[in-house]
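Structure first, then comments.
Here, each number is a calculation from the coordinates, and none is a lab measurement. Computed from a predicted structure; not experimentally measured. Neighbour counts run over all protein chains shown; Cβ positions are idealised from the backbone, glycine included.
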Amino acid sequence: MKVRISSDAEQDLEEGFRFYEGRERGLGSYFRSSVSADLHALALYGGIHPTVYGYHRALCRTFPYSIYYQVDGPKSLTVVAVLGQRRDPDWIAERLG
């Protein structure tokens with residue numbers, strides 16, 4: 001399955017990188033590579049995750065983040081957001097619109 005990443009999700013990844021890099025040098029890169037592995041796994045497992053806020057939600061394995069995506073067809077999906085799980089649920093619902 002082809003995995004597309006929206007510009008909003010790219011921005012979410014950049015914000016996560018900056019947050020963790022600000023905590024400890026190199027941690028942002030570890031965040032990026034860990035979430036990248038979770039995104040690559042969607043090529044195999046896309047569509048099996050539960051639906052939350054109208055999107056499929058895959059939990060990241062290493063960091064407390066969720067990947068929200070929609071299945072576009074039998075061979076593609078689009079990641080619409082990559083958000084911290086500690087965010088206010090009302091904020092997440094509004095962000096996902």
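A few notes on this one:
- Inverse of mean 1/r across different Cα pairs in region 21-68, Kirkwood, Å: 11.6
- Among the GluC sites (Glu not before Pro) in region 12-96, those placed in a DSSP loop whose Cβ has at most 13 other Cβ atoms within 10 Å are E24.
- 15 Å beta-carbon shell around R32, net charge (K/R +1, D/E -1): -3
- Counting only DSSP H runs of at least 4 residues, each contributing -39500 (n - 2.57), and dividing by the residue count of the chain, the helix-based mean residue ellipticity at 222 nm comes to -15000 deg cm²/dmol.
- Taking every DSSP bridge with both residues inside the chain, close to 80 percent are antiparallel.
- Helix axis angle, 7-23 relative to the chain longest principal axis, alpha carbon, degrees: 30
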